[in-house]
1. Would you kindly derive the ³J(HN,Hα) couplings of segment 30-41 from the backbone phi angles with the Karplus curve 6.51 cos²θ - 1.76 cosθ + 1.60 (θ = phi - 60°), listing them in order in whole Hz, with x for Gly and Pro?
2. Go through segment 60-68 residue by residue and turn each phi into a ³J(HN,Hα) via Karplus (6.51, -1.76, 1.60, θ = phi - 60°); whole Hz please, and just put x for glycine and proline.
Amino acid sequence: MSDDRRSRPRRVLASLAAVVGVGTRLVLDALVVGLWVLFLTLLFLSTNWPRWLFYALLLGGVGLYVQFTAWWGGSTSGS
């Protein structure tokens with residue numbers, strides 16, 4: 001019984017740390033993608049390049065970001 005009472009705060013702290021970690025990751029991802037969109041938008045508005053190139057670079061940049069940062073989250077879906 002006493003072991004259960006001692007482990008409960010540890011589990012709560014571990015859960016809180018996991019929630020904070022996920023929240024931090026989401027905010028960081030949104031910030032990076034938002035800055036990428038802002039950069040591309042300003043670049044394409046000033047240069048008048050074709051719209052298809054904008055979307056190709058937008059999707060390609062987000063895809064590369066996801067590819068290079070996928071291991072940060074500790075995903076085990078592939079194992």
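No value in this document is a laboratory result; all are computed from the given coordinates. The structure presented is a predicted model; accordingly, all values stated were derived computationally and were not measured.
1. With coefficients 6.51, -1.76 and 1.60, one gets 4, 5, 5, 5, x, 5, 5, 5, 4, 4, 5, 4 Hz.
2. My calculation for segment 60-68 gives x, x, 5, x, 5, 4, 5, 4, 7 Hz in order.
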